[in-house]
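Chemist: Got a structure for you, written out below as structure tokens; questions coming shortly.
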Amino acid sequence: MNYQQTMEYINSFTKSGKPVKDLSRIRRLLTMLGNPQNDLKFIHVAGTNGKGSTVEMISNALIYANYNIGSFTSPYMVCYEDRIRFNGENIPQDELSKVATMVRSYVHNDEFSQFEISMAIAFIYFKSKRCDIVVLETGIGGLVDSTNIIENPLVSVITSISLDHTAILGNTLKDIAIQKAGIIKPNRPTILSCDNTNADVIEVVSEMAMKKHSKFILPTSGDILNMSLHGETFNYKHNIYSIKMLGKHQVSNAITVIEVCNLLGSMGYNIPLDCVKRSLESTQVIFRTQTFTIDGVSIVVDGSHNIGGITALKDTLQACGIDKPIILTGMISTKDYTSCCKVLNSFADMVICTDGYMDNSISKDKLSKLFTCKTITCELDTALESALKIAKSKGTSLIVCGSLYMLTKIFVSTHARYIIGVRRAYIDTHELTSCQ
């Protein structure tokens, strides 16, 4: 298959497939393909928010330490290939086509999901690249997520847990924590992000770890020394670290990364502290509280699409002295968009609502009615330019947040010229040098 045929093949599978209650379907798929996952070592990352940032900071620290690292994430930000990367580089289109052609020779029906097919392609590719470690992000949940087919991960990581995908995972934090804790494996260590302060969440995860004889680590919070639109500096266990990505929640993610690297060190991996620090200082994931300037307007772009993410965004902006900004947003129906809008309404000067980026996007007119502050509605292709004009006229910041699909449509499909230089979702690995 060529690249176009490859994408047609991948897209012939539905995004989720039929509902699953166990891992039998993904097990059947991988068995047909020779179980490539059994020849790989993994760091498994689950959680509601912070997974993508944590995956990237871990991956980059290990790359700096001269290890060959695969990473599998979802959804893609710029192109399909950016969800399957080796040493920070997207899988080449010819390699993707080669592996997909092999998969198609075994898979002749559409019973599997697009996520399962993508993960199978990733495992085969990572095996061919002889990855030392694969940093693997779950899709939804953990317990019956197809990524949970892996056995004996080096470490299981659970980032911030909040309410999301409630129709699938449950209506309470405890229910969701049970699903996330499903990735914990017998006799393999578990790290729970320090920004999980809910008693039910901590109890569920710690009890599951105890049941599985898994070493359980709940790190302490770091002391934030400085926070601005340029990043944060914090103290953790008598070491000073700086991170590029904004927000107290990113400090929590960074602490998780530090603890993962410490654990790997105890297992014999050589990860110098300088490599960890360089990763935290340089990693910027696209659309994760990302800042840049357009025509003199300071812009913060963030893929916050659930109540935990939106609240973290609000806290970050206020800590950086940003109050009453112009907000451009769009939401999809599968999220608790009503609660998200209440948070945005509490600190916005004006909200610009848009739609048309997904079939299930909330109509801009319906969305605008959820705000009590001044609102206007705009078509997707003119929304950013309209928001920029308003923000510039008011001399204030512009915040673009909500659905990741909306951000991708605006900044990659419609206004790619605005993000020249930041279109790469991850650090430029051509500049990586070994710490060893």
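Chemist: Could you put Glu95, Glu207, Glu137 in order of accessible surface area, largest first, with the 1.4 Å probe and the full protein assembly present?
Modeler: Working: Glu95 60, Glu207 105, Glu137 10 Å².
Sorted by accessible area, descending: Glu207, Glu95, Glu137.
Chemist: Can I ask one more? Can you give me the % of accessible surface on the chain that is carbon or sulfur? Probe 1.4 Å, all protein chains present, nothing else counted.
Modeler: Numbers: 8610 of 17830 Å².
Carbon plus sulfur share of accessible area: 48 percent.
Chemist: For the pairs Lys127/Lys180; Lys314/Lys364; Lys15/Lys211, flag any whose C-alpha to C-alpha distance is greater than 31 Å.
Modeler: Details: Lys127/Lys180 26 Å; Lys314/Lys364 22 Å; Lys15/Lys211 33 Å.
Over 31 Å Cα-Cα: Lys15/Lys211.
Chemist: Out of all Cα-Cα pairs in segment 8-83, roughly what percent, to the nearest whole number, are more than 17 Å apart?
Modeler: Values: 1824 of 2850 pairs.
Value for segment 8-83 (Cα pairs over 17 Å): 64 percent.
Chemist: Where only protein heavy atoms count, and the probe is 1.4 Å, what is the accessible area per residue for the chain in Å²? Please report the intermediate quantities before stating the final value.
Modeler: Numbers: 17830 Å² over 436 residues.
Averaged over the residues of the chain, the accessible area is 41 Å².
Chemist: Of all beta bridges DSSP finds with both residues in segment 1-148, what is the antiparallel percent, to the nearest 5?
Modeler: Working: 5 of 13 bridges.
Of those bridges, close to 40 percent are antiparallel.
Chemist: So how long is each side of segment 8-155 along the principal axes, counting just the alpha-carbon atoms, biggest first, in Å?
Modeler: Principal-axis extents of segment 8-155 (Cα, largest first): 42, 33, 29 Å.
Chemist: Now for a different question. Run the numbers for Asn11 and Lys394: contour at 0.36 nm per residue of separation, minus the present Cα-Cα distance, in nm.
Modeler: Working: separation 383, 0.36 × 383 = 137.88 nm, distance 4.37 nm.
So the extension gain works out to 133.5 nm.
Chemist: Candidates (i) 23; (ii) 14; (iii) 27; which is the computed percent of Cα pairs over 40 Å apart?
Modeler: Answer label, from the structure shown: (ii).
Chemist: What 222 nm value per residue comes from the helices of the chain, counting each DSSP H run with n ≥ 4 as -39,500 (n - 2.57) and dividing by all residues, nearest 500 deg cm²/dmol?
Modeler: Details: 15 runs with 162 residues, N = 436.
Calculated at 222 nm, the ellipticity per residue is -11000 deg cm²/dmol.
Chemist: For the ranges 218-229, 65-76, what's the packing order if you count other beta-carbon atoms within 10 Å of each residue, average per peptide, and put the highest first?
Modeler: 65-76, 218-229
Chemist: Give me the distance between the Cα centres of segment 83-130 and segment 205-223, rounded to whole Å.
Modeler: 33 Å
Chemist: Of Met406, Met1, which has the most accessible area with a 1.4 Å probe, and how do the rest follow in descending order?
Modeler: On the way: Met406 0, Met1 50 Å².
The ranking, largest first, comes out as Met1, Met406.
Chemist: Suppose each label sits 7 Å from its Cα in the direction of the beta carbon; what would the Leu225-Ala319 distance come out to in nanometres?
Modeler: 1.6 nm
Chemist: Tell me, in nm to one decimal, what length is gained between Tyr269 and Thr293 on full extension, where the rule is 0.36 nm per residue of separation less the Cα-Cα distance? Can you show the working numbers first?
Modeler: Values: separation 24, 0.36 × 24 = 8.64 nm, distance 4.00 nm.
Full extension from Tyr269 to Thr293 adds 4.6 nm.
Chemist: Between Gln4 and Glu203, what is 0.36 nm times their sequence separation minus the Cα-Cα distance? Round to one decimal in nm. The partial results should precede the final answer.
Modeler: Working: separation 199, 0.36 × 199 = 71.64 nm, distance 4.80 nm.
Stretched fully, the Gln4-Glu203 segment lengthens by 66.8 nm.
Chemist: So, by mean Cβ neighbours within 10 angstrom, what's the order for 234-244, 269-279 with the highest one leading?
Modeler: Values: 234-244: 16.3, 269-279: 19.5.
Taking the mean over residues of other Cβ atoms within 10 Å, the ranking is 269-279, 234-244.
The values are calculated or read from the model by the stated rules, or taken from the named source; none is laboratory data. Nothing here was measured: the structure is a model prediction, and the numbers come from that model. Methodologically, a virtual Cβ is constructed for each residue, glycine included, from the backbone with ideal geometry; neighbour enumeration extends over all protein chains shown. Calculation scope for accessible area: heavy atoms of the full protein, side chains included, ligands and nucleic acids excluded. Shrake-Rupley method; radii C 1.70, N 1.55, O 1.52, S 1.80 Å.
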